[in-house]
Amino acid sequence: MSIPASKPCERCGGRIPEGRFSVCPSCLLSADEPPVIIGHGTLELGEELGQGGMGAVFKARHLRLGREVAVKFLPAELASRSEFRARFEREAHALALLSHPNIVTIHDYGEEDGQAYFVMELVNGKSLQTMLPFSPERAIEVVLKIADALSYAHRQGIVHRDIKPANVLVDERGNIKVTDFGLARMAGDDARGWTLTSPDQALGTIYYMAPEVLKGAAPDPRMDIYSLGVLLYEAITGALPIGDFERLPGPIDRVVRRALSQTTEKRYATVDEFASDLRNARSQVSKPDGGLSPAEQHWLRAVALLYATASAIAGWALLVSMTPQAVEPGELHPLAITSARKLDDGRLVSLARFEVWPTLGALAAFAIALTASGLLRRHWSQAGLDRPDPAQPLRESRWMLMLGLFALLVYAGRRLGAHSRYSVLANYSPFFGAMIVLVSMYVLWMGVLEARRRARPLKSEPKLLVGVALVLLAPALELIAYALPWLS
């Protein structure tokens, strides 16, 4: 069909096609004239709702159906260009194939004296672009609805190719509507004769476009996945993921970075896979462990246990080295002993020594713990689990303080039981005290590792530090009480 030659609008100078209109639709509506009726008497145009690269949208009333709709016109300055006109028609065809609660519904398509338009569902709301950023929970909720809409479109063979906040509408009830399928292109559209874009021509908005789009690659659902990754990041931070962008909470960061992979092979294969991973990320972030998966939690506990074991061995080596002993002269090595006093029976009192095997055992245990810790931290860094959150208190601090108070109570019971008929408590209290110390070392290292992951300084955790001091108070007092007679 031939396209009429365009002419300037008599009022604003804009280009309009030849035909019944002597002015552009915007000027018609602003004039004090009778309502503009198009579509063979079915549509009464109202106010302009907005404009974009692919057309202007007007509010209208469908006179036959008796309801309000939206009418989108192809820009007048593009009406005479066959490629843009065909692209506009393709948007109507693409939308006509789609029926989904999160996609704007198309009702009709037509032409008025060379002015192409289509009639679509009127969404009373505003663009997502005007509402960002959101909380992570709300951002994920919105993106999952967009993903659901795209999953449906992909199953129909349609790739949107222009997913961005400006093309997502939010109605008054908070419902999400994806619109502007003007750049949508049928996957395998060569067979349908809808090939409109040359290999070296890129469409869309640059920051939301996958790298392969710029190279003229064929339509692929993974292009929309890339755009979803950009939108998700922007919805949470209010900024675009450009360059070395800031990390998001661990599991969400993993989802975004995989979606934004520069190669399609490393991206999610389908929108459904992206949505499933995002749902899992949401459930992990809401947990008090800060987004660690069950396997990662086990790894963290194992590393904390290694550190606790190394600390126990180091404590044992220190205790053996600092405990005064009476030994035969030949049992002391010149380089191991620090001080000695001779007894009347010829033995020597060793007040402190360098115990070789306990000390080497402690060093080996710490070497194993440090290796495991290094591997864990590298995994956190690569997986985006290093989540700076210095304002969030550590739950381990509360447990450490409780253990410190319990250790103090057990020690008090031991001292009291030693001078009463309840000597059984005094006999077993060293065992309970040792168990408390071991558990406390595990809780302490859990807190230290989590504090490093969240970049929270330990000085901000007074409960943790006080708990450690209370746990070590009883062993320190017992060691002093044992050593004093030897020192006199």
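Protection proxy ranking of 115-121, 174-180, 41-47, by the mean of other Cβ atoms within 10 Å over each peptide's residues and highest first, is 115-121, 174-180, 41-47.
Calculated FRET efficiency, residue 258 to residue 48, Cβ-Cβ distance, R0 = 35 Å: about 0.30 to the nearest 0.05.
Give me, ordered by chain and number, the residues 5 or more places off residue 122 or on other chains with an amide H under 5 Å from its own placed amide H. For residue 122, whose amide H was placed from the backbone, the distant partners under 5 Å are 70. Can you give the charge dipole size of region 294-487 about its Cα centre, rounded to the nearest 20 debye, using +1 on the beta carbon of Lys and Arg and -1 on the beta carbon of Asp and Glu? For region 294-487, the charge dipole is close to 620 debye.
Sum up the charges of everything whose Cβ sits under 13 Å from the Cβ of residue 270, counting Lys and Arg as +1 and Asp and Glu as -1, but leave residue 270 out. Intermediate values should be presented prior to the final figure.
Numbers: positive: 155, 222, 258, 267; negative: 148, 220, 224, 272, 273, 277.
For residues surrounding residue 270, the net value is -2.
Cβ-Cβ distance of residue 478 and residue 395, R₀ of 22 Å, FRET efficiency by 1/(1 + (r/R0)^6): the value works out to about 0.15.
Rounded to the nearest 0.05, what FRET efficiency do residue 129 and residue 408 give with R0 = 41 Å and r taken as the Cβ-Cβ distance? Could you check?
E(calc), rounded to 0.05, equals 0.10.
Name all residues of region 442-458 having a backbone nitrogen under 20 Å from the label point set 7 Å from the Cα of residue 318 along its Cα→Cβ direction, giving them as ranges. Inside the label zone: 442-449, 458.
A short reminder: the numbers here are calculations on the coordinates, not readings from a lab. Computed from a predicted model, the values in this text were never measured in an experiment. Virtual Cβ from ideal backbone geometry, glycine too; neighbours counted across all protein chains shown.
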